[in-house]
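The values are calculated or read from the model by the stated rules, or taken from the named source; none is laboratory data. As the structure is a prediction and not an experimental result, all values here were calculated from the model. Virtual Cβ from ideal backbone geometry, glycine too; neighbours counted across all protein chains shown. All accessible areas refer to the heavy atoms of the entire protein, side chains included, with ligands and DNA or RNA removed. Shrake-Rupley method; radii C 1.70, N 1.55, O 1.52, S 1.80 Å.
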Amino acid sequence: MARKPHFSKNILSFFVLSVLFLQTVVFAAENDFTSKTYLKYFQDPTDKNFAPLYEYVELESRNLHKGQVSLYLSGWLGHDFNALQYDKRTRDELTYAMVRFSPYTDRRLLLTAGRQFVFEGVASEQLDGIAARWELTPSAGFSLFGGAPVETEFDSRGGDAVSGGRMFFRIQNKGEIGLSVLDEVNDGKRFREEGGVDLWLLPVKKVEVKGQSSYNNITEGWREHSYTLRVFAAERLTLSGLFAQSRYDDAFSVRTLSAFSPEFIGIGERLTKQGGGVDYRATDNLSGVADYVHYDYRLMGDADYYGARVSYTVSGIMTGLSLHRMDGAVDKLRYIETRVYAATDLEDWRLSLDAINLNYDSAFNNVKNAYSLNGTVRYKINDSLTSGFSVDYARTPDFVHNTTALLNLVYGYKSGR
């Protein structure tokens, strides 16, 4: 069963925490406050018009108690002015509210408590709990975390728990290797059991290898292998290669987002990607990339994606053009992709335009040409306040037409620096 977004019942807890947070600000060496307001307009495939308003607030207070303690608070509020997106017109969520403590100035031991995000190897989680990261030596260390997962609201949070950790080993100036595990129960039952290895290596000068592999212990299959290779052949020339493999039944046997599930992207599907590219920076203003990727789908067959991209900056205007061919065994994997974009800064203004077109060999869902257009204008009112407006229009096999307009206002305040 898919997990639903977690919406708190009201924003009282956020304001209470805000008051407590602000009481500590005067004792902090550094304080940041950011407010982001977004007014959005878009249509769905049934031509319903949506006009939600979102307000995001972030508060950070660092270097309390002789630099050992820092506080972080973030939350958002959403209100639908027109058609409802969910079952409530007003929604809110406490994104994170955590305190971090380190007894050392180099933060080799870091303890975090509260609502937080954890990114440790196979784990990419939002939880209410505690986490610790300790660098025992410059060459080795570990991290541990545990608590209640936030987005488990489809039944209740009773009997839900998530825990895990990562050990890492470093080779000075040569790389790092990590081993990680994740265990989650829902209603007291096995929900996710994952393990993995991640690495970053410099085996020889000017050669870099990065990647990770993860294993699903419940389905007893590998979820993913993903590795990249970069060779810095010359000052302005970089060669790259990639290898990735995913078994969808193992990777998405359970899901926290309904869009990622075997039912949605194909039960029994497996994908292997192999390819590479050449990146040449002719001058500081001119660069080009040629790339190729071979897709091997178990159900949809093979596909080859290849082409080139050129970027050029002239008179303060950054421009780009790319042309790629996707040549696959099924209609939705047979098209020519073209992209043109440009951006420039004019004093306090930032202007950008981006256009992408997919020309299918045969009409897919009655669409021969799929495209998306984006135009964005940003204006810096002063050092603390920036406004922006963007419009997206798209026609795809999934949406006959899709228009999105976004008006935003960002306010930021910093003190104690």
Handout entry: Solvent-accessible surface (1.4 angstrom probe) belonging to Asp47, in square angstrom, nearest 10
Key = 90 Å²
Completion exercise
Log10 I(q)/I(0) at q = 0.12, 0.15 Å⁻¹ for the range 276-379, from Debye over equal alpha-carbon scatterers, is -0.53, -0.76
Handout entry: Selected from Asn359, Asn408, Tyr104, residue furthest toward positive end of dipole (the chain; charges at beta carbon)
Key = Tyr104
Completion exercise
Rounded to a whole number, the Stokes-Einstein D of the chain in µm²/s (Kirkwood radius over Cα pairs; 4 °C; 1.567 mPa s) is 52 µm²/s
Practice task
Rank Leu59, Leu299, Leu353 by mean-square fluctuation in a GNM of the chain with C-alpha springs under 10 angstrom and give only the top-ranked residue.
Solution key: Leu299
Handout entry: GNM result for the chain, Cα springs below 10 Å: residue of Pro149, Pro52, Pro203 fluctuating most strongly
Key = Pro203
Handout entry: More than 22 angstrom apart: percent of Cα pairs within the range 25-126
Key = 49 percent
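Once you list every other residue whose beta carbon is under 14 Å from the beta carbon of Ala233, what net charge do they have if Lys and Arg are +1 and Asp and Glu are -1? Spell out each step's value before the answer.
Numbers: positive: Lys205, Lys206, Arg230, Arg236, Arg281; negative: Glu208, Glu235, Asp279.
Neighbourhood net charge equals +2.
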Problem - Accessible surface ranking that places the most exposed of Ile267, Ile381 first, with a 1.4 angstrom probe - result: Ile267, Ile381
Completion exercise
Within the chain, excluding any GluC sites (Glu not before Pro) found in a DSSP loop (not H, G, I, E or B) and having at most 10 other Cβ atoms within 10 Å, the longest uninterrupted segment runs 1-219
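May I ask you to list the trypsin sites (Lys or Arg not before Pro) in the range 99-186 that are in a DSSP loop and have at most 12 other Cβ atoms within 10 Å of their Cβ? Working shown, then result.
Details: sites: Arg100, Arg107, Arg108, Arg115, Arg133, Arg157, Arg166, Arg170, Lys174; in loops: Arg107, Arg108, Arg157, Lys174.
Listed in order of number, the matching sites are Lys174.
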Exercise for the section: Return the whole-Å distance between the Cα centroid of the range 68-92 and the Cα centroid of the range 347-417. Expected result: 22 Å
Completion exercise
Dipole check, the chain, charges on Cβ (K,R +1; D,E -1), about Cα centroid: among Val278, Leu71, Ala303 the Cα furthest to the positive pole belongs to Leu71
Practice task
Just read off the accessible area of Arg270 with the full protein assembly in place, 1.4 Å probe, to the nearest 10 Å².
Solution key: 90 Å²
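To the nearest 20 Debye, how big is the dipole of the chain about its Cα centre, given +1 on the beta carbon of each Lys and Arg and -1 on that of each Asp and Glu? List each step's numbers first, then the result.
Details: 47 positive and 52 negative charges, 154 e Å.
The calculation lands at about 740 debye.
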Handout entry: Extended-chain gain in nm, criterion 0.36 nm per residue less alpha-carbon gap, Thr283 and Asp47
Key = 80.2 nm
Handout entry: Area accessible to solvent at His65, 1.4 Å probe radius, in Å²
Key = 120 Å²
Fill in the blank from the handout: In whole percent, the fraction of accessible protein surface over the chain that belongs to carbon or sulfur atoms, probe radius 1.4 Å, stands at 59 percent
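Where does the charge balance sit around Ala161 when Lys and Arg score +1, Asp and Glu -1, over other residues with C-beta under 12 Å from its C-beta? Each step should come with its number before you reach the end.
Values: positive: Arg157, Lys189, Arg190, Arg192; negative: Glu125, Asp128, Asp160, Asp183, Glu184, Asp187.
Cβ neighbours under 12 Å give a net charge of -2.
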Completion exercise
Order by accessible surface, 1.4 Å probe, largest leading, for residues Arg378, Arg298 comes to Arg298, Arg378
Completion exercise
Long-range amide H partners of Arg334, meaning residues 5 or more apart or on another chain whose placed amide H is closer than 5 Å, are Gly328, Asp361
Completion exercise
Sorted list, accessible surface of protein heavy atoms, 1.4 Å probe, largest first, for Ser143, Ser311 is Ser311, Ser143
Handout entry: Cut-off of 10 Å, at most 16 other beta carbons, DSSP loop: longest stretch of the chain lacking such chymotrypsin sites (Phe, Trp or Tyr not before Pro)
Key = 261-398
Practice task
Would you list which lysines come within 30 Å of Lys36, measuring only between C-alpha atoms, while excluding same-chain residues fewer than 8 positions from it?
Solution key: Lys4, Lys9, Lys48, Lys88, Lys380, Lys414
Handout entry: Accessible area per residue in Å² at 1.4 Å probe, computed on the chain
Key = 56 Å²
Practice task
Please give, to one decimal in nm, the separation of the simple spin-label points placed at Lys368 and Thr37, each 7 Å out from Cα toward the Cβ.
Solution key: 4.6 nm
Practice task
Give, rounded to the nearest 20 debye, the magnitude of the charge dipole that the range 208-254 has about its Cα centre when Lys and Arg contribute +1 at Cβ and Asp and Glu contribute -1 at Cβ.
Solution key: 200 debye
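Could you please report the charge total around Gln68, scoring K, R as +1 and D, E as -1 over all other residues with beta-carbon less than 14 angstrom from its beta-carbon?
Working: positive: Arg62, Lys66, Arg100, Arg107, Arg108; negative: Glu30, Asp106.
Computed value for this residue: +3.
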Completion exercise
Per-residue ellipticity at 222 nm attributable to helices in the chain (runs of n ≥ 4 DSSP H, -39500 (n - 2.57) apiece, nearest 500 deg cm²/dmol) works out to -1500 deg cm²/dmol
Problem - Selected from Ser124, Ser61, Ser390 as most flexible by GNM, with the chain as the system and alpha-carbon contacts under 10 Å - result: Ser124
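Which value, in debye to the nearest 20, gives the size of the charge dipole of the range 145-242 about its Cα centre, when Lys and Arg are +1 and Asp and Glu are -1 at the Cβ? Write down the numbers at each step before the final one.
Details: 13 positive and 15 negative charges, 165 e Å.
Dipole size: approximately 800 debye.
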Practice task
Show which lysines lie in cross-link reach of Lys206 when reach means a straight Cα distance below 28 angstrom and same-chain residues fewer than eight apart are skipped.
Solution key: Lys174, Lys273
Practice task
State the Cα centre-to-centre distance between the range 272-321 and the range 110-174 in whole Å.
Solution key: 35 Å
